[in-house]
Every structure is written in structure tokens, then in C-alpha cells.
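Single-structure report; data block below.
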Amino acid sequence: MSIHDLHGKFNGKEAEYVLDYLDSEASENKKSWVQCFEERVSEETGVKYAVACNSGTSGLHMAMHACGIGPGDEVITPALTVVMDAYAVIHMGAIPVFVDVDRNTYCISVQEIQKNITDKTKAIVTVSLQGLSVDMDPILELAKEKGIIVIDDSAQNILGTYKGRSAGALADISVFSFENKKHITSGSEGGMLLTDNEEYATRARKFGGIGYKHMTASAGRTSLALSDVQDPDYERFDTIGLNYRMSEVSAAVGLAQFERIGDIVDRRIAVAKTFDEAVKGCEWIVPQYTPEGYKHSHYTYSFEYKGLEMIGVSWKEFYNMYVGMGGDGFYSACVVPYLEPVFQNNKNYNKIYTKGMCPIAEDLQKKIMQFKTNYRSLSEARIKANILKTLVDKLGRKKNA
């Protein structure tokens, strides 16, 4: 059986590892599952420090704390992304500065960043949207020149590459997500913060670990031996933190998934290729552009739909046609964060963030179609891709005269 036809999401050693944890007593001589998972991710990505957490969102919050972002600071973030990037900024008392994106890649660009840098800019958040890396080199060069920190939200990208380098290993801090729909999962939720900076790693681990003073940058135990703490004079905390720690069970599942990460990503890429072939030559479907030298890890297969203006079929009409023919449906892009009710119904934000601020992102958001790539087998994906091909052929691949 091909690796592309492995059925079941948890068909590796997930159950074995979880049972091993449940059947064993804690031992001073055995590494925790969290430590094993952190070390494996660090080794695979080539980043010095990996800090496991309970979600990608908490990882973003940890990253903001690690960088010392605080009240009055500005953090540049793309307008075409999920709202959690902005949430992490707001939780630090800082100000999200939304900037427009490149129409072809959907990602933030150095040109738009440069327009929005002020003397209050503390950090830039880059987002590898749908599994495609941002053009990082010019952004990193600009950030270094200006003394600005770069935080890469790699929630939708793992094992993607940028000019031959791991896409999640380039920024000052990167954050992965292991939520259930991502490339791999640690059960249902989970995340990992990565950095080569020892100070950032230490600060992140302490903040996400309730502020325990004994925590360090390196992967390791998140608790001390009883002999150390069984002392009335022992002082435990030196940081105000939150409990964002990953559980041992989650880490056991995540490690088992990560051991198969190459096959999992390869299957997603293969699924994306089948959908790409289904729409090839269609004038009113424009796939997300992958620049030369990049490896797209395809969290989804995405394209800009121009059917309304070119063939008179709206986004929702096309969706209903596809589902009616037996397709699985597909996702829209999230509303640009600053137009979500959480901002628009808030008197502190609704005059700052207004419609039209980022016209490319706002327009793209209404047109993007995101087809899932996490099919359990390539043969199943081909059936769905063939339905898409049939529908496109039925509507005609050329613009209506």
C-alpha cells in the first residue's frame, strides 16, 4: 500500500505511546514525553530550543511575552490571517498594525511592512498562509536594520521550505500549531514555540509554565524532584505566568504523529496536486502562487475565485454546485481580523480599524476557496478532485464573452 493511501488519522504509534505513558510510573531516570517531543521537533527543524504548549494561540502569547512586547508597542501583522495573531498582541497591551498582502501569494510583503514601520514598532508577525512561507529574507534584513523582532506564525506550515531552508526556522521566534486539522495533531490541540535565542526560550517557557523559576530554555522536566520542594523555605516562582503547558498524553500523540511527518506532508502535497490539475487552464480560477525555490506544505489547496465577474456564478453558487455533485465543500478565508465584530463593535477599535484599510486582503478574502488536503487516502481525494474538474468543465474554462 502506498503512503498516500494510509487510512486513519492515528495509524502510527499514537495508541502505543499513550498506553506506555498511562502504564508507567513517573521516573527520575526517564525523559518525559514532552521533552522527547520537544527534542524531536528541535532536531527536525534545526532550531536550538523548542517549547511545547497547549495551542498555537498560547504559543503566540508566549512569543509576545518572550520578546518583551508591552503597552504602547506596535506589532505589524498581515490583514489576511486569523484573528489570533492580533489577540496575542492585544493581550500584551500592544497595538496590532494591520498591513496588506501580496495578491499572488496571499502573504505579507516587505514593501507593505516598510510603509507601516514607526518608532513604536516592536515586532513583525509573518504568517505562512495555507502552508506557503513568506518571502522572509528581505523582511529579516529590514527587521535587523530597524532593531525589530520577527515572529513567524507557522501554524499552517510544517516542513515547508524557503530557498532550501526550513520555513519555520528563520524568524527570531516561530510558532507551530498541532490543532486537529493541522498537518499533525497532538490529539486535538497543541503547539510548539521555536527559537535559537536562549533568553526568549527561557522567558517563553517560564511564562507558559506558571512562572516556575527553575525552568530553562532547554527541553526538560517541568517539575522538580520532591526532595527539592519538600522544604518550607523553597521559593518556587520568579515570573508571573499562565498555565500553557502541554500534557504528557498530548505530547505522546504528537511525537507519534511527528515520526510520520514526512509522509503526512507528502500526502497533502500530492492531494493539492490533484486539485491543481483539476482546475488547470481555467481563466476564472487563480491558484495561490508558489515562488521558485519554495516548498508549499499545503495546509489547504487554495485559489482566488473570479467566477462572479467572469462567468456570472457567485462564490456560494459554485459551492452549492460542487456539494450537490458530491464534493466535500471547501472553506472560505476568515474575515480580515479588523472587520470582525470583536473589533467593529468595540469603541476602542472601531474608529481605528475601518473598511478599506487593506484593499487587497479585503478583496481576496471574499474570493478565496480553500480545499482540504487532509484526506486519508489519495484515491479519495482524486474522486473529489474529479468532481471539481467536471464542474469546471461544465461551466467552461474560458471567460464568458
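For the range 317-329, enumerate the residues that are of a type outside the set (Asp, Glu) and within 17 Å of Lys394 (Cβ to Cβ).
Phe318, Tyr319, Asn320, Met321, Tyr322, Val323, Gly324, Met325, Gly326, Gly327
Of the residues Gly307, Gly326, only one is at positive phi and in the same structural domain as Lys389 (by TED's automatic domain parsing); which?
Result of the check over Gly307, Gly326: Gly326.
Taking Leu193, is it without any contact (Cβ under 8 Å) to a residue 60 or more places away in the chain and of a type in the set (A, V, I, L, M, F, W, C)?
When the stated conditions are applied, Leu193 does not pass them.
Could you please give the count of residues in the range 115-144 that are surrounded by 17 or more Cβ atoms within 10 Å (Cβ to Cβ) and closer than 15 Å to Ala79 by Cβ?
6
Quick check: is even one residue across the range 228-236 in contact with a strand residue (DSSP E or B) (Cβ under 8 Å, 6 or more places away or on another chain), without any contact (Cβ under 8 Å) to a residue 40 or more places away in the chain and surrounded by 14 or more Cβ atoms within 10 Å (Cβ to Cβ)?
No - not one qualifying residue is present in the range 228-236.
For the condition touching a strand residue (DSSP E or B) at 6+ places or on another chain (Cβ under 9 Å) and either within 22 Å of Glu112 (Cβ to Cβ) or in contact (Cβ under 8 Å) with a residue 12 or more places away in the chain (or both), what is the one hit in Val83, Val75?
Exactly one of Val83, Val75 is touching a strand residue (DSSP E or B) at 6+ places or on another chain (Cβ under 9 Å) and either within 22 Å of Glu112 (Cβ to Cβ) or in contact (Cβ under 8 Å) with a residue 12 or more places away in the chain (or both), namely Val75.
Can you tell me which residue in the range 312-351 is surrounded by the fewest Cβ atoms within 10 Å (Cβ to Cβ), limited to those that are of a type in the set (Phe, Trp, Tyr) and closer than 17 Å to Asp85 by Cβ?
Tyr349
Just checking, which of Leu60, Leu22 is modelled with pLDDT of 95 or more, out of contact with any Pro (no Cβ under 9 Å at 6 or more places or on another chain) and of a type in the set (A, V, I, L, M, F, W, C)?
Only one candidate passes the filter, namely Leu60.
Going by what's in this entry, would Leu159 be described as over 21 Å from Ala361 (Cβ atoms) and of a type in the set (A, V, I, L, M)?
Yes: the conditions hold for Leu159.
Any residue in the range 111-129 that is in contact (Cβ under 8 Å) with a residue 60 or more places away in the chain, closer than 19 Å to Leu364 by Cβ and basic (Lys, Arg)?
The answer is no, given that none of the residues of the range 111-129 is in contact (Cβ under 8 Å) with a residue 60 or more places away in the chain, closer than 19 Å to Leu364 by Cβ and basic (Lys, Arg).
Identify all residues within the range 191-225 that are out of contact with any strand residue (DSSP E or B) (no Cβ under 7 Å at 6 or more places or on another chain) and at pLDDT below 95; write none if there are none.
The answer is Gly209, His214, Thr216, Gly220, Arg221, Ser223, Leu224, Ala225.
Output the number of residues of the range 122-175 satisfying the condition of being hydrophobic (A, V, I, L, M, F, W, C) and touching a Gly at 6+ places or on another chain (Cβ under 6 Å).
Qualifying residue count, the range 122-175: 4.
For Ala361, state whether it is in contact with a helix residue (DSSP H, G or I) (Cβ under 7 Å, 6 or more places away or on another chain) and among the hydrophobic types (A, V, I, L, M, F, W, C).
The answer is no for Ala361.
Could you list, in sequence order, the residues of the range 34-43 that are among the charged types (D, E, K, R) and either surrounded by 18 or more Cβ atoms within 10 Å (Cβ to Cβ) or closer than 18 Å to Val18 by Cβ (or both)?
Glu38, Arg40
So which residues in the range 309-365 are of a type in the set (A, V, I, L, M), in a helix (DSSP H, G or I), farther than 18 Å from Thr77 by Cα and touching a residue at least 12 places away in the same chain (Cβ under 8 Å)?
Residues satisfying the conditions are Met310, Ile311, Met321.
Taking the condition of being more than 18 Å from Ser247 (Cβ to Cβ), buried (at least 20 other Cβ atoms within 10 Å of the Cβ) and out of contact with any Phe, Trp or Tyr (no Cβ under 8 Å at 6 or more places or on another chain), how many residues in the range 172-199 meet it?
Of the residues in that region, 2 qualify.
Would you tally the residues in the range 85-104 being buried (at least 19 other Cβ atoms within 10 Å of the Cβ) and in contact with a His (Cβ under 9 Å, 6 or more places away or on another chain)?
So the count comes out to 2.
Would you mind telling me which numbered condition in (1) loosely packed, with under 14 Cβ neighbours inside 10 Å; (2) free of Cβ contacts under 8 Å to residues at least 24 places away in the same chain; (3) part of a helix (DSSP H, G or I) Glu380 fails?
Result: Glu380 passes all but (1).
Quickly run through the range 199-211 and pick out the residues that are under 10 Å from Arg236 (Cα atoms) and touching a Lys or Arg at 6+ places or on another chain (Cβ under 6 Å).
Across the range 199-211, there are no qualifying residues.
Here is a list of conditions, (1) buried (at least 24 other Cβ atoms within 10 Å of the Cβ); (2) in contact (Cβ under 8 Å) with a residue 60 or more places away in the chain, and Ile108 meets all of them except one; can you say which number that is?
(2)
The values are calculated or read from the model by the stated rules, or taken from the named source; none is laboratory data. Not measured: the values here are computed from a predicted model. We place every Cβ from the backbone using ideal geometry, glycine too, and count neighbours over all the protein chains shown.
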